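Worksheet: the structure to be examined is printed underneath.
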Amino acid sequence: MYFTDTHTHLFSNKFDEDRTEMVQRAIDAGVTKMFLPNVDVSTIKEMNELEAQFPENCFSMIGLHPCHVFENYKESLAIIETELEKRAYAGIGETGLDYYWDTTFKQQQQASLHIHAQWAKKYKRPIILHTRESFNDSFAIMKEHNNDDLTGVFHCFSGSIEEAEKVASLNGFYIGIGGVVTFKKSHLPEVIKNVPLELIVLETDSPYLAPTPNRGKRNESSYLTLIANKIAEIKEISLEEVANITNQNASKLYKSILK
Ligand SMILES: [Zn+2]
């Protein structure tokens, strides 16, 4: 049995002291496939170095996080486009819309998301979406671009059953479920009970959002098993079944990497 962490920032400076040991801990725990979403132009080098260190386990993706879209975002996107022309990446992201922290660059975030959607189609790679207080706009933009070449994941999904069903209505889209599902007051168990496991991929979003009992601490990919266990409990199925189905989903999403 193995697990796929579809969203983990293992190149974060929060792991500078023990990165190699931490990644090895995840592999030893059975989390053998880890997808790395880029943040901004300053993180590309560290991300690709980690991928080179663990070529069987860590896979780089490329994009500009919506919280890092500022006045000069076009310069950042130009650098990212050069990267895309240079080599293959496992996914496009993370991108998306974040209206929670700051709405100053709302228009620019939307323009950036459109460009990421075009890249995802051009390079036939899944788009990785961060959607914070922005589900309707993110969904509308995906609907506009959705065709056979556009697949993706609403990472750190925190919406309602209705919103999960909207994601399911798009061709080749999934919801990413992480540590929040283990939190005491989370509404996600109710959502998960009501949607098919075929819609779900697992993620930690390390170093953020560590699952219970590590809530508030630094998160790492080895904790993915705590999230998988919680989903098995909610669905009243075995851990193996959660691993198998979510791995299958991840394989459809990351078909250039997983077989
Ligand atoms: Zn992220």
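Please treat every number below as a calculation from the coordinates, not as lab data. From a predicted model like this one, the values you see are computed outputs, not experimental measurements. Note: ideal-geometry Cβ built from the backbone for every residue, glycine included; neighbour counts use all protein chains shown.
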request  = Please enumerate the residues belonging to the range 44-92 that are of a type in the set (A, V, I, L, M) and within 16 Å of residue 6 (Cα to Cα).
outcome  = 47, 50, 61, 62, 90, 92
request  = Give the range 207-223 a look and list any residue that's within 25 Å of residue 36 (Cβ to Cβ) and either more than 16 Å from the ligand (Cβ to nearest atom) or basic (Lys, Arg) (or both), or say none.
outcome  = 212, 214, 215, 216, 217, 218, 222
task = List the number of the failed condition for residue 83; all other conditions in (1) of a type in the set (Asp, Glu); (2) more than 12 Å from the ligand (Cβ to nearest atom); (3) in contact with a helix residue (DSSP H, G or I) (Cβ under 6 Å, 6 or more places away or on another chain) hold.
result = (3)
ask   = Restricting the search to the range 101-154, which residues are farther than 19 Å from residue 177 by Cβ and among the hydroxyl-bearing types (Ser, Thr, Tyr)?
value = 103, 104, 112, 123
message = Based on this model, can you work out whether residue 232 counts as more than 16 Å from the ligand (Cβ to nearest atom), small (Gly, Ala, Ser), in a helix (DSSP H, G or I) and more than 17 Å from the chain's Cα centre (by Cα)?
response = yes
key: Residue satisfying all of: in the range 21-80; of a type in the set (S, T, N, Q) and touching a strand residue (DSSP E or B) at 6+ places or on another chain (Cβ under 7 Å); farthest from residue 243 (Cα to Cα) among these   = 48
query = Which condition number does residue 175 fail, the rest of (1) under 23 Å from residue 121 (Cβ atoms); (2) surrounded by fewer than 23 Cβ atoms within 10 Å (Cβ to Cβ) being met?
reply = (2)
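So that you can scan it fast, the table gives a plain yes or no per residue for (1) acidic (Asp, Glu); (2) within 16 Å of the ligand (Cβ to nearest atom); (3) surrounded by 22 or more Cβ atoms within 10 Å (Cβ to Cβ); (4) farther than 23 Å from residue 14 by Cβ:
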{"site": "142", "(1), (2), (3), (4)": "no, no, yes, yes"}
{"site": "152", "(1), (2), (3), (4)": "no, yes, yes, yes"}
{"site": "158", "(1), (2), (3), (4)": "no, yes, no, no"}
{"site": "168", "(1), (2), (3), (4)": "no, no, no, yes"}
{"site": "179", "(1), (2), (3), (4)": "no, yes, yes, no"}
{"site": "205", "(1), (2), (3), (4)": "yes, yes, yes, no"}
query = Which of the residues belonging to the range 55-83 are part of a loop (DSSP other than H, G, I, E, B), surrounded by 19 or more Cβ atoms within 10 Å (Cβ to Cβ) and without any contact (Cβ under 8 Å) to a residue 60 or more places away in the chain?
reply = 57, 64, 69
query = For the subset of the range 97-136 comprising residues that are within 17 Å of residue 175 (Cβ to Cβ) and either of a type in the set (Val, Ile, Thr) or over 18 Å from the mean Cα position of the chain (by Cα) (or both), which member is surrounded by the fewest Cβ atoms within 10 Å (Cβ to Cβ)?
reply = 136
Candidate set from the range 85-96 (those that are crowded, with 18+ Cβ neighbours inside 10 Å and among the hydrophobic types (A, V, I, L, M, F, W, C)); member that is farthest from residue 109 (Cα to Cα) = 90
query = Any chance the range 20-34 includes a residue that's within 16 Å of residue 208 (Cβ to Cβ), within 16 Å of the ligand (Cβ to nearest atom) and either part of a helix (DSSP H, G or I) or not small (Gly, Ala, Ser) (or both)?
reply = yes
